[in-house]
1. When only residues in segment B:228-238 that are away from every other protein chain (no Cβ under 14 Å) and not small (Gly, Ala, Ser) count, which is farthest from B:Asp203 (Cα to Cα)?
2. Please find, within segment B:224-250, the residue that is nearest to B:Val130 (Cα to Cα) out of those that are crowded, with 18+ Cβ neighbours inside 10 Å and over 16 Å from the mean Cα position of the chain (by Cα).
3. Mind checking which pairs have a first residue in segment B:99-115 that is without any contact (Cβ under 8 Å) to a residue 40 or more places away in the chain and a second that is surrounded by fewer than 23 Cβ atoms within 10 Å (Cβ to Cβ), Cβ under 9 Å, 6 or more apart or different chains?
4. Here is a check on your reading of the model: is A:Thr16 assigned to a loop (DSSP other than H, G, I, E, B), in contact (Cβ under 8 Å) with a residue 60 or more places away in the chain and touching a helix residue (DSSP H, G or I) at 6+ places or on another chain (Cβ under 7 Å)?
5. So if I check each of B:Gly151, B:Gly195, which one is over 21 Å from B:Gln298 (Cα atoms), surrounded by fewer than 22 Cβ atoms within 10 Å (Cβ to Cβ), of a type in the set (Gly, Ala, Ser) and more than 10 Å from chain A (Cβ to nearest Cβ)?
6. Of all residues in segment B:114-144, how many are among the hydroxyl-bearing types (Ser, Thr, Tyr), part of a loop (DSSP other than H, G, I, E, B) and either touching a strand residue (DSSP E or B) at 6+ places or on another chain (Cβ under 6 Å) or at positive phi (or both)?
7. Yes or no: segment A:87-103 includes at least one residue that is more than 14 Å from every other protein chain (Cβ to nearest Cβ) and not aromatic (Phe, Trp, Tyr).
8. Specify the residue that is surrounded by the fewest Cβ atoms within 10 Å (Cβ to Cβ); the eligible residues are those in segment A:202-214 that are within 14 Å of chain B (Cβ to nearest Cβ) and under 26 Å from the mean Cα position of the chain (by Cα).
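The values are calculated or read from the model by the stated rules, or taken from the named source; none is laboratory data. Model, not experiment: these values are computed from the prediction. All Cβ positions, even for glycine, are placed from backbone atoms using ideal geometry, and neighbour counts span all protein chains on display.
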Amino acid sequence: MHYTWDWLIFFKPSVTGEGLYGLMLLRGLWWTVLLSLLAWTLALGLGLVAGVARTLPNRPARYLSTVYIHCFRNTPLLVQLFLWYFVVPELLPVDWGNALKQMNPTTNQFLTVLVGLTLYTAAKAAEQVRAGIESVPRSQKQAAMALGLGTAAAYRYVILPQALRIVIPPLTSDFLNVFKNSAVALTIGLMELTGQTRQLSEFSAHPFEAFIAATFVYMAITYGVIVLMRHIERRARVPGLLGAA
Amino acid sequence: MILKPLIRSCLASAALALCAAAAAQPLDGTLKKIKDTGSITLATRGASIPFNYLDDNNKQAGFAWEISQRVVEQVKKDQKLAKLEVKTLEVTPQTRIPLVANQTVDLECSSTTNNAERQNQVSFSTTFFVVGARLLVRKNSGIKHWSDLVGKNVVVSAGTTAERMLRQLNEKNKWGINIILAKDINENFLTVETGRAVAATQDDIILFSNIARARNPADWEVVGVPQQKEAYGCMLRKGDAAFKKLVDGVITGMMRSGEFASLYEKYFLKPITVKGNITVNFPMSPDMQELLRHPNDQPL
């Protein structure tokens, strides 16, 4: 392979006159982290609601959340993102669509990806929550009811405390996936970590250094997430309950 | 000293070997690979119109694509190969340099600018096209000059030399342009067409081909003084003098024989089979005429 390695490229000024090449990666990292954490927080809330709704006795709530989960879990994220970015503004009333399109482009791209990523991730998280709830023996709910608790109280005090502990490990995977999925943002022009890495590799003509560096950054992020989730898992453990050794 | 004659003869034979090597020009690099594997890998592009693209019949076509075809013929003739398998690999602006550098692709002829950073990783053939970045706007947009872009949304294809130029211009003049990045040439035009950006910056020839493909070409115009002339060349692996000489020879040969001019007419002045039949309509610029008189492989 005829390739000129230059690991100092990150400390050299960019040809665009916008600072060092390394700064491009940092700027990308900022967007990736901001986008992923926000999307994950929102998705966790929405996923919890949708997951619980799928197991409720109330039929409309169950149908609504089933339809939502099926639509968003069974279509590619990239397709969803393109629909949000290119199609939705055209379906809105003309004034709204234009207002959306004339927004600051970075804000517009960020919000679009945030909506897309949140709804996609929440649909997956909801399925985890539902699986967790269903893994709690039915007799527990019946016992709670027999003690005079209503549906809300039974969920709040008996079912969810157990179900949510069970789903911490699978949710860790979803949390990791948010960071990796956030890279789709580059397809509509939001320059997060992968996007900036591509830019860096184009401007500097040092693609391998750029992508190797980005790989390590992603690994560091995901390792951090794993450590954090392990910690939460240990803290949340209740002796005598499932999975607590 | 009994060793001396021995050393001398050793040296002599080594020198002889070197001379013989120089005389026979043993194959190495791309040509050796082509001969050993009986195949050559050319890069293709999906929509780099009219340089390298898939036409309406799903066939690869384009000005630069045909140049790479001529190179294949020349390799076949020079190496006296009865048959040579031509493999193709579709590349994007982001993948083309790594794929040439790591020797997956032997030759990439499309709309690739020859510049100093890229020359660290790859070599460029004799220039076959000269462009300058300009602006594509709606005729009623009121934008005539670069300075009219202050505070506006402008779209540019990510990772291109046009993006670099726009960022430099914006940074230097503090124009406060919102730069929207599109991932390819099609998305670039979609962004101005849907009104997300008031103008698109690209190499002028690509803007003209976008107008030709627009739903209503009469709505659009190209404005602004061309910025920063750039030279398109074929990319090949670095430090491969023998293959570069062959490719350069093919291009200058085409220029001399008039084949280049007729190929130019075919792709830039006559209808091509994209989206029905469009005509790019881009007569040879003075820069191109100058290039034909003095072929060279220098970045501009």
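1. Residues of segment B:228-238 away from every other protein chain (no Cβ under 14 Å): B:229, B:231-234.
Checking the rest, the ones that are also not small (Gly, Ala, Ser) come to B:229, B:232, B:234.
Numbers: B:Lys229: 9, B:Tyr232: 11, B:Cys234: 17 Å.
Taking the candidates together, the pick is B:Cys234.
2. Quick first cut of segment B:224-250, residues crowded, with 18+ Cβ neighbours inside 10 Å only: B:224, B:227, B:230-238, B:240, B:243-244, B:246-248, B:250.
Narrowing further to those that are over 16 Å from the mean Cα position of the chain (by Cα): B:224, B:227, B:240, B:243, B:246.
Details: B:Gly224: 17, B:Gln227: 12, B:Asp240: 24, B:Phe243: 23, B:Leu246: 21 Å.
Restricting to residues being crowded, with 18+ Cβ neighbours inside 10 Å and over 16 Å from the mean Cα position of the chain (by Cα), the top hit is B:Gln227.
3. B:Asn102/A:Met1; B:Asn102/A:His2; B:Asn102/A:Tyr3; B:Asn102/A:Phe208
4. Details: assigned to a loop (DSSP other than H, G, I, E, B): yes; in contact (Cβ under 8 Å) with a residue 60 or more places away in the chain: yes; touching a helix residue (DSSP H, G or I) at 6+ places or on another chain (Cβ under 7 Å): yes.
Judged against the criteria, A:Thr16 is a match.
5. Numbers: B:Gly195 fails: more than 10 Å from chain A (Cβ to nearest Cβ).
Exactly one of B:Gly151, B:Gly195 is over 21 Å from B:Gln298 (Cα atoms), surrounded by fewer than 22 Cβ atoms within 10 Å (Cβ to Cβ), of a type in the set (Gly, Ala, Ser) and more than 10 Å from chain A (Cβ to nearest Cβ), namely B:Gly151.
6. Initial filter on segment B:114-144 (among the hydroxyl-bearing types (Ser, Thr, Tyr)): B:123, B:125-127, B:141.
Those still in the list that are part of a loop (DSSP other than H, G, I, E, B) too: B:125-127.
Then drop every residue that is not either touching a strand residue (DSSP E or B) at 6+ places or on another chain (Cβ under 6 Å) or at positive phi (or both), which leaves B:127.
So the answer is 1.
7. Within segment A:87-103, the subset more than 14 Å from every other protein chain (Cβ to nearest Cβ) is A:93.
Next, from what is left, pick out any that are not aromatic (Phe, Trp, Tyr): A:93.
Yes, segment A:87-103 contains a residue that is more than 14 Å from every other protein chain (Cβ to nearest Cβ) and not aromatic (Phe, Trp, Tyr).
8. In the first step, residues of segment A:202-214 are kept if they are within 14 Å of chain B (Cβ to nearest Cβ); the result is A:202-212, A:214.
Those left that are additionally under 26 Å from the mean Cα position of the chain (by Cα): A:210-212, A:214.
Details: A:Ala210: 25, A:Phe211: 16, A:Ile212: 13, A:Ala214: 22.
The residue in question is A:Ile212.
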